[in-house]
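What follows is a single structure, written as structure tokens, with notes after it.
The values are calculated or read from the model by the stated rules, or taken from the named source; none is laboratory data. These numbers were taken from a predicted model, which means no experiment stands behind them. FYI the Cβ positions are ideal-geometry reconstructions off the backbone, even for glycines, and counts take in every protein chain you see. Only protein heavy atoms, including side chains, enter the accessible area calculation; ligands, DNA and RNA are left aside. Shrake-Rupley method; radii C 1.70, N 1.55, O 1.52, S 1.80 Å.
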Amino acid sequence: MKKDLQNILVPLDFNESSVKAAKYAYHLAKKIHANIVLLNVIEISGVLLDLFSSGEDLVKVTDKTKDQLEAFKQELQEEGEEIEIATKIEKGKRYKKILEAAKEIDARMIILGENHQGDLKSKNLGSTVYHVTLKSPVPVITYKGTHDDEVNKIVVPLDLTKQTKKKIGTALAYGRNYNAKIYLVSALIGGIELKESRIFKKLKEAKETLDKNNVECEIKLFERSEIEPYQRVLDYAKEIKADMILVMTHHEGYTHDNYIGAFAHHIINESNVSVMSLTSSATSVDFKSL
């Protein structure tokens with residue numbers, strides 16, 4: 001696949017969530033004139049390794065997977081759009097192969113179906129979503145599959161960290177790309193008056209930047225409350241019927257720590273709408289190309 005074209009990587013294990021994510025990716029690819037790479041990872045470690053008594057068994061599984069990928073590819077292409085779709089099969093740890101493939105194909109984005117572990121949504125993120133969003137060099141959309149394919153409203157939480165400029169730049173790029181309205185939101189955590197706060201000034205400056213670039217924008221600053229800031233953001237996204245929330249997964253200078261920040265973790269884990277997560281390295285992507 002040519003590297004001068006936009007490539008969207010979609011890990012596909014044929015579960016319902018990944019199938020929905022792939023269909024969403026297809027509609028997005030049409031919108032931004034991108035190509036799609038469908039990736040299936042055959043994990044053959046641990047218990048699964050015992051299932052393969054010979055190399056022939058692994059070949060059979062691989063051949064079956066190839067057929068499934070090809071059939072799904074044909075299903076996507078039945079709409080008649082000229083979207084180039086490539087398929088790829090790897091063997092190994094799923095999240096590692098996803099990250100390797102993203103670099104190999106020069107992906108501009110990874111779209112994942114959510115894979116919560118346990119019966120309740122409040123339980124932990126699945127390991128694949130966790131590790132990919134933790135280390136991805138490109139933006140990751142965790143697709144929730146609860147809204148239409150159009151992204152018209154994007155909620156962008158802001159704070160006073162150095163990440164703000166990167167997040168505003170990303171919001172600007174995607175606001176223009178999706179022709180979406182950006183909702184900048186934050187919450188006071190001290191006793192200072194709303195209009196005298198630094199975060200209020202930052203929200204206003206961010207709005208001015210977006211306005212000057214013809215991206216429609218609103219700002220929302222919540223008063224100090226016992227309610228956790230992440231919950232205020234989730235409630236606000238639900239209130240305005242947002243289509244996506246954009247978060248940074250790390251604080252500046254902590255990009256290699258082996259955890260996702262608590263705020264981002266709650267948003268990705270508990271949001272009812274799709275979440276675009278970015279590591280600091282993901283914000284270095286040339287968003288003008290999108």
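Of all residues in segment 263-290, those satisfying the criterion of being modelled with pLDDT under 90, over 11 Å from the mean Cα position of the chain (by Cα) and not in a helix (DSSP H, G or I) are Ser280, Ser281, Val285, Asp286, Leu290. Taking Leu203 as the residue in question, decide whether it is modelled with pLDDT of 90 or more and either part of a helix (DSSP H, G or I) or open to solvent by 70 Å² or more (accessible area, probe 1.4 Å) (or both). Against the criterion (modelled with pLDDT of 90 or more and either part of a helix (DSSP H, G or I) or open to solvent by 70 Å² or more (accessible area, probe 1.4 Å) (or both)), Leu203 qualifies. Each residue in segment 23-42 was checked for being at pLDDT below 90, buried (at least 16 other Cβ atoms within 10 Å of the Cβ) and not in a helix (DSSP H, G or I), and 1 of them qualify. Within segment 219-232, residues that are part of a loop (DSSP other than H, G, I, E, B) reach partners that are open to solvent by 50 Å² or more (accessible area, probe 1.4 Å) with beta carbons closer than 9 Å, at six or more positions or on different chains, in the pairs Arg224/Ile189; Arg224/Gly191; Arg224/Ile192; Ile227/Asp235; Glu228/Phe263; Glu228/His266. In the set Val155, Val132, only one residue is β-branched (Val, Ile, Thr), farther than 21 Å from Pro229 by Cα and at pLDDT 85 or above; that residue is Val132. Based on this model, can you work out whether Lys144 counts as among the basic types (Lys, Arg), modelled with pLDDT of 80 or more, more than 14 Å from the chain's Cα centre (by Cα) and surrounded by 16 or more Cβ atoms within 10 Å (Cβ to Cβ)? Answer is no for this residue. Inside segment 90-106, residues that are farther than 17 Å from Asn7 by Cβ and open to solvent by less than 50 Å² (accessible area, probe 1.4 Å) make up a count of 3. Restricting Gly175, Gly126 to residues that are open to solvent by less than 10 Å² (accessible area, probe 1.4 Å), under 27 Å from Lys207 (Cβ atoms) and touching a residue at least 12 places away in the same chain (Cβ under 8 Å) narrows the list to Gly175. Checked against the criterion of being at pLDDT below 95, closer than 30 Å to Ala180 by Cβ and among the aromatic types (Phe, Trp, Tyr), the candidates Phe14, Phe72, Phe52 yield just one match: Phe72.
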